[in-house]
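Report on the structure given below.
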Amino acid sequence: MGKKTAIAITLATGAAAAYAATRYLLKDENKDKVLDKVNDLTEEGRENALRYYRYAKEYFKEDNEFRDDLENLKQKFSERAKNLKSNENVNKAFDSLKEATSDLKQQFEKEKVEYNDLAPETDIVIDGRSAFGQAKQAAESEDEPTEVFYPKEEN
């Protein structure tokens, strides 16, 4: 009951706060202030974005070291890709993989069996006793009885 009351109070408080904020913001005198504040924040954000864009543009234009590192990395990557593409061992490995994949597909197609063919073999038989009942019966049929540790029986 306490949780339901807390949720109801929270919802009522939230609705009252939303109503009060809406009434406050929709007043003509406050509406202009809010719109001015939003416009100021938007203009300030645009100015900051343009300023940082100029900083980044100047940094990358002046910093040839970064550009050279990027070009070297790109060149190394393209050389490595060409070497792997022309490498005989890699090509053999891909051919072997393709061959093994096709062999596996053929094997699965050969072993493909329709569901109706499996149905008689996969019937589930339920004899009315659960696994626990079977375990209990097996334990009772043994010479040593099962020892109960918890709950302790008080005499």
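The values are calculated or read from the model by the stated rules, or taken from the named source; none is laboratory data. Every value quoted in this text rests on a predicted model; they were computed, and no experiment measured them. We place every Cβ from the backbone using ideal geometry, glycine too, and count neighbours over all the protein chains shown. Heavy atoms of the whole protein, side chains included, go into the accessibility calculation; ligands, DNA and RNA do not. Shrake-Rupley method; radii C 1.70, N 1.55, O 1.52, S 1.80 Å.
In what order, largest first, do Val38, Val90 sit by accessible area if the probe radius is 1.4 Å?
My answer, sorted largest first, is Val38, Val90.
Please state the shape class of the range 2-63: rounded when a/c is under 1.5, otherwise prolate if a/b exceeds b/c and oblate if not, all from the C-alpha gyration tensor.
Oblate.
About its Cα centre, how strong a charge dipole does the range 50-109 have in debye, to the nearest 20, once Lys and Arg get +1 and Asp and Glu get -1 at the Cβ?
Dipole of the range 50-109, to the nearest 20 debye: 280 debye.
Which pairs break 32 Å Cα to Cα here: Lys4/Lys27; Lys76/Lys98; Lys74/Lys98; Lys61/Lys82?
Flagged as over cut-off: Lys4/Lys27.
Of Thr10, Val90, Gln75, which is farthest on the positive side of the dipole of the range 2-91, counting Cα position, with +1 on Lys and Arg Cβ, -1 on Asp and Glu Cβ, and the Cα centre as origin?
Thr10
Which lysines, on any chain, are close to Lys105 with Cα under 19 Å apart, when same-chain ones fewer than 8 places away are left out?
Cα-Cα hits under 19 Å: none found.
Which trypsin sites (Lys or Arg not before Pro) does the range 2-85 hold that lie in a coil by DSSP with at most 12 other beta carbons within 10 Å?
Lys27
Applying the Karplus parametrisation 6.51 cos²θ - 1.76 cosθ + 1.60 with θ = phi - 60° to the phi angles of the range 67-77, what ³J(HN,Hα) value in whole Hz is obtained for each residue in order, glycine and proline being reported as x?
5, 5, 4, 5, 5, 5, 5, 5, 5, 4, 5
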